[in-house]
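Colleague: Below is the structure I would like to discuss, written out as structure tokens.
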């Protein structure tokens, strides 16, 4: 019994540091789509976050054989200087087509929430109590303990569009990924990119063997 409880504790603790795909949608009209050249757009007002994310995702896509270009290099600040009209977006799309792009991937933060858990002592997980009295005496401090642990969960959204000539800007795949922010930003981005690429490979969107 105590082994089962310990395994449960390990699972709970590990899940708190995980990055997970929680929801996804795939176009039924395009079950398989292989990208040749893709524009990577990190939608963030924080220039350093945007730069780091686009660099990591572009590098990872390149390792899979896809030509990937950071929007921060191709357009500089075009996506964040001011709001764009439909006509202006058509011009942007034409410039991408002329440059040989066939896909665009957008990633953005859509929300965050604070999770708070009680810091219950785990020292009793591997102990067998003889009776309920012993158990109660050992754990009665729970009634007065107010120590808590908090962590933030970030909710993100990534969308992949085809910008093939003669077609509308077609949505191919969209997914929501949740991650618990670790201490280092670089680790968070690497985890995010890993989960994202796994999802794209499984759905045969952008990355096709």
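The values are calculated or read from the model by the stated rules, or taken from the named source; none is laboratory data. Keep in mind it's a predicted model, so treat the numbers as computed, not measured. Note that each Cβ is placed from the backbone with ideal geometry, even for glycine, and that neighbours are counted across all protein chains shown.
Colleague: Just need a number here: residues in the stretch 190-209 that are more than 9 Å from the chain's Cα centre (by Cα) and either closer than 17 Å to residue 41 by Cβ or at pLDDT 90 or above (or both). Step through it out loud before you land on a result.
Modeller: The initial filter retains those residues of the stretch 190-209 that are more than 9 Å from the chain's Cα centre (by Cα), namely 190, 197-209.
Checking which are either closer than 17 Å to residue 41 by Cβ or at pLDDT 90 or above (or both) leaves us with 197-206.
Total meeting the criteria: 10.
Colleague: Which residues, taken from the stretch 191-205, are over 14 Å from residue 63 (Cα atoms) and part of a helix (DSSP H, G or I)?
Modeller: Answer for the stretch 191-205, where residues must be over 14 Å from residue 63 (Cα atoms) and part of a helix (DSSP H, G or I): 191, 192, 195, 196, 199, 200, 202.
Colleague: Name the residue, out of 3, 23, 36, that is modelled with pLDDT of 75 or more and more than 21 Å from residue 188 (Cβ to Cβ). Show your work before the answer.
Modeller: On the way: 3 fails: modelled with pLDDT of 75 or more; 23 fails: more than 21 Å from residue 188 (Cβ to Cβ).
Sole residue among the options that is modelled with pLDDT of 75 or more and more than 21 Å from residue 188 (Cβ to Cβ): 36.
Colleague: For the stretch 158-189: of the residues being in a helix (DSSP H, G or I) and surrounded by 15 or more Cβ atoms within 10 Å (Cβ to Cβ), which is modelled with the highest pLDDT?
Modeller: Step by step, filter the stretch 158-189, then rank; the result is 189.
Quick grid of which residues meet (1) touching a helix residue (DSSP H, G or I) at 6+ places or on another chain (Cβ under 7 Å); (2) more than 16 Å from residue 201 (Cα to Cα):
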position	(1), (2)
30	no, no
33	no, no
41	yes, yes
46	no, yes
56	yes, yes
61	no, no
70	yes, yes
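Colleague: Among residues belonging to the stretch 52-86 that are over 19 Å from residue 195 (Cα atoms) and assigned to a helix (DSSP H, G or I), point out the one that is modelled with the highest pLDDT.
Modeller: Here the answer is 71.
Colleague: Can I ask one more? If you scan the stretch 97-107, which residues turn out to be surrounded by 15 or more Cβ atoms within 10 Å (Cβ to Cβ) and either in a loop (DSSP other than H, G, I, E, B) or out of contact with any helix residue (DSSP H, G or I) (no Cβ under 8 Å at 6 or more places or on another chain) (or both)?
Modeller: Once the filter is applied, which keeps residues that are surrounded by 15 or more Cβ atoms within 10 Å (Cβ to Cβ) and either in a loop (DSSP other than H, G, I, E, B) or out of contact with any helix residue (DSSP H, G or I) (no Cβ under 8 Å at 6 or more places or on another chain) (or both), the stretch 97-107 yields 101, 102, 103, 106.
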